[in-house]
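The values are calculated or read from the model by the stated rules, or taken from the named source; none is laboratory data. In this text the structure is predicted, and so the values were computed from the model without any measurement. Neighbour counts run over all protein chains shown; Cβ positions are idealised from the backbone, glycine included. Just the protein is used for accessible areas: all its heavy atoms, side chains included, with ligands, DNA and RNA removed. Shrake-Rupley method; radii C 1.70, N 1.55, O 1.52, S 1.80 Å.
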Amino acid sequence: MKIVIIATTLVLGSSVLVGCSSPEMEALEVDDLEPRINGETSISGCSAYEASKINDAVDYLVSTLDSEEYSECLADAIPSGDKGDTVEDIIALLQENKPTAIRCRDAVCGSSSATGCAPVGINTESLDLQHDHVQSASVAQLAGTIVHEVMHNKGYQHFLPADGWFEPDDRFRVVRQAQQCVSSGVPWGLPRSEAPGDTELARVGGNGGAPFELTCPGDGVVRGMQVDSSSRFVNRIRLTCDGGTSGSAGEWKDSRWAYNGRCLANQVVIGIYGSADSMFGQLGMLCASEDDVIEGVADIGTRRWLGGLSNVGHEFERTCPAGMAVKRLYGRSGARIDQLSVVCEEYPVSPRGPNNPLAIMGTAVGDRRVDRCIGFGAMTGLWGSAGGEVDRIGARCSPTNSSWLNGAVYLDESAGYQSIEAFGGQGGVRFGLGDGGSDQCPAGAALIAARRSGSTGRADPRGVRPC
Ligand SMILES: [Zn+2]
């Protein structure tokens, strides 16, 4: 197995682990083997003070990972580089009962400015911390660094092309989001729960199948769901909306039940729950009274089982922020439902209207992925790499003030922005180097046009300032 070593800093050192402990520190080495909830922690190369601080940080980390607030923070984050794993997958990996080996070093990953270093994708938990960082960081910060390094152990990475270029969304990488939720309790960038107008909740399920979108027509929101299922899996979904139904996703396949679930009168759907791994073993919906939603009261009124009888993978629950109801479902499906993302809109609805996808530029090859801006947002920048063809493309979205008045876009720069993970290969020449880069719209402006040529497309950010 190829093992990559990653330093926790924006300035990357060499990719070879050079652990140099000073002789004084070796003399003070402490071996602490107190049992931990997620396996024993062994500490070496650290002073007694450092070891006790690391112990405090590990205690802090273990209790944080167990908390509902942590799951909520991670679900509220918009991550890049999560390898298609769900929030529940990631937390389960972090809670694995494995011994954790922590060493204190003068330089980690060959750099004295890096705070931590860990091999990527190994079967154990093993990391180096830099002496100065251990001594000067708060316990919460140190716990954040440890979880960042353990995330590397679990296989989550920065995007690291051979030329050492860091993508503009590096701070959104799931290793950093997991760290940020431990050290500060708040994710990087625009939290899903604070997006104005509409938001997309963290996805659940697997990554098979092809993308779909189910949307309630007109101003309608979701009042129920029609679900076909076998005893093991959810196969097909259709939304029941005010004044009609959506299209359907999935197929009847080997279904044995067709269930037409509805919330009570005067209730709207505000979320889903169930269990899923690569598919859905169970699916239910969460209903709340219209009055509660209108008044911004977060309260689940009724839980309605919809289909599936197996308890596969992890249990999940996804609930709209207070004041919002479910407007659409994005997801992936083949013969069964593979993945679901709940999209919520302010209720009573200030409708964003239907999505109107344009034709794909170029030839449709490889995986197909659809990403969208939340918060009634608009794209305000692009980055990636391109040569004769576009190799890789990612985007930045800024939320608007939740209304599109006479076609004018009011971009809300204060709300923080959203990063759409770049997709594609590593060839070509870099473009769009983040803030102030050549493919970044000026403040208050959004992308309104794309120029295309031949079989490839290259967006041309011609921004307009709001009137
Ligand atoms: Zn890192």
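Name the one entry in Gly189, Gly220 that is part of a loop (DSSP other than H, G, I, E, B) and within 25 Å of Leu264 (Cβ to Cβ). Can you show your working first?
Values: Gly189 fails: within 25 Å of Leu264 (Cβ to Cβ).
After ruling out the rest, the residue left standing is Gly220.
Quick check on Leu309: is it modelled with pLDDT under 95, touching a strand residue (DSSP E or B) at 6+ places or on another chain (Cβ under 9 Å) and not hydroxyl-bearing (Ser, Thr, Tyr)?
Yes; evaluated as a whole, the condition is true for this residue.
Among the numbered conditions (1) assigned to a helix (DSSP H, G or I); (2) away from the ligand (no atom under 11 Å from the Cβ); (3) open to solvent by less than 40 Å² (accessible area, probe 1.4 Å), tell me where Thr145 comes up short.
All conditions pass for Thr145, except number (2).
Given the residues Tyr49, Tyr70, which is the only one that is in contact (Cβ under 8 Å) with a residue 12 or more places away in the chain and surrounded by fewer than 21 Cβ atoms within 10 Å (Cβ to Cβ)?
Numbers: Tyr70 fails: surrounded by fewer than 21 Cβ atoms within 10 Å (Cβ to Cβ).
After ruling out the rest, the residue left standing is Tyr49.
In region 122-136, which residue that is free of Cβ contacts under 8 Å to residues at least 40 places away in the same chain and away from the ligand (no atom under 15 Å from the Cβ) is nearest to Ser184 (Cα to Cα)? If you could, list the steps in order and put the result at the bottom.
In the first step, residues of region 122-136 are kept if they are free of Cβ contacts under 8 Å to residues at least 40 places away in the same chain; the result is 123-124, 126-127, 130, 132-133, 136.
From what is left, the residues that are away from the ligand (no atom under 15 Å from the Cβ) are 123-124, 132, 136.
Working: Asn123: 28, Thr124: 26, Asp132: 20, Ser136: 16 Å.
So, considering only residues that are free of Cβ contacts under 8 Å to residues at least 40 places away in the same chain and away from the ligand (no atom under 15 Å from the Cβ), the one nearest to Ser184 (Cα to Cα) is Ser136.
Test of understanding: among Leu190, Leu160, which residue is within 16 Å of the ligand (Cβ to nearest atom) and either within 16 Å of Leu61 (Cα to Cα) or aliphatic (A, V, I, L, M) (or both)? If you could, list the steps in order and put the result at the bottom.
On the way: Leu190 fails: within 16 Å of the ligand (Cβ to nearest atom).
Matching residue, one of Leu190, Leu160: Leu160.
When the residues of region 391-409 are filtered to those that are modelled with pLDDT under 70 and not polar (S, T, N, Q), which remaining residue is most open to solvent (accessible area, probe 1.4 Å)?
That would be Trp404.
Could you give me the residue pairs with C-beta distances under 9 Å whose first residue belongs to region 100-121 and is assigned by TED's automatic domain parsing to the domain that holds Asn55 and at negative phi, whose second residue is of a type in the set (Phe, Trp, Tyr) and not in a strand (DSSP E or B) wherever it lies, and which are 6+ apart or on separate chains?
Listed by first residue and then by second, the contacts come to Val120/Tyr156.
Provide a single number: the residues in region 306-333 that are in contact (Cβ under 8 Å) with a residue 40 or more places away in the chain, of a type in the set (Gly, Ala, Ser) and open to solvent by less than 30 Å² (accessible area, probe 1.4 Å).
Taking region 306-333 first, the residues in contact (Cβ under 8 Å) with a residue 40 or more places away in the chain are 306-310, 312-321, 324-333.
From the residues that got through so far, the ones that are of a type in the set (Gly, Ala, Ser) too are 307-308, 310, 313, 325, 331, 333.
Then drop every residue that is not open to solvent by less than 30 Å² (accessible area, probe 1.4 Å), which leaves 307-308, 310, 325, 331, 333.
Qualifying residue count, region 306-333: 6.
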